[in-house]
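Scroll down for the structure; my scribbles are underneath it.
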Amino acid sequence: MTLRRRAFLGLAGAVLCGPGAGVRAHGLLGPVTPAQALPATALTLHDGRRLPLAAVLQGRMTALQLIFTGCSSICPVQGAVFAELQALLRREGTGRGPAPQLLSVSIDALGDDARALATWRARHGAGAQWLAAVPDVAGVDPLLDSLRGRTGGADRHSAQVFLLDTAGRLVFRCAELASAEAVAQALRQSRA
């Protein structure tokens, strides 16, 4: 890839979902065409319910982030971004169709449970439209791989926000640590 093309793609990614290391680290930004189905996996939600991922996603646009509750580096920042995004979405109202939902998915299936997820949500002021969940141990790697959300380093996961359509398919990847406004803009564009 030429330097000029890389510079253009980096600029396009920054415009689409704000600046971030994801432009350099992944090169996976913007629309996902064709929309990509996620693996069938079961989730345990923050309230203890156990549901298939597809059931959690069905019928609503979803902004999904990867976290784990014991993280003390990037995950608290991601929680703050979702808290700001939640406030933006409340101010904007629903517009067309049901309001988008936020979904924080833990990649620590051995350490996180419903209680830890509920505490994490409370710490960030999550409302009813913001869910937290953890897949079974066997579901973590397929989910990370389908999102291309795996990174090196201690955290092992991307700080991107992934947008899913009302059928639960991946349709857009935001940059690493995209701002709440950038994610809201991407949600608006994806819903149009």
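Backbone phi angles across region 73-88, fed through the Karplus curve with coefficients 6.51, -1.76 and 1.60 (θ = phi - 60°), yield HN-Hα couplings of 10, 8, 4, x, 5, 4, x, 5, 5, 5, 4, 5, 4, 4, 5, 4 Hz in residue order; Gly and Pro are listed as x. Amide H contacts of I67 (H built 1.01 Å from N, in plane; Pro and chain starts excluded): V105, S106, I107 sit under 5 Å, all sequence-distant by 5 or more or on other chains. Taking 0.36 nm per residue of sequence separation and removing the Cα-Cα distance, the A99/D113 pair yields an extension gain of 2.4 nm.
Taking only the C-alpha atoms of region 64-121, the Rg (one decimal) and the largest Cα-Cα distance, Dmax (whole number), read 12.9, 39 Å.
Near the amide H of F172, within less than 5 Å, lie the amide hydrogens of V32, L163, all on another chain or at least 5 residues away, with H placed in the peptide plane.
Each value in this text was obtained by applying a stated rule to the coordinates, not by laboratory testing. Since the model is a prediction, treat every value here as computed from it, not as a measurement.
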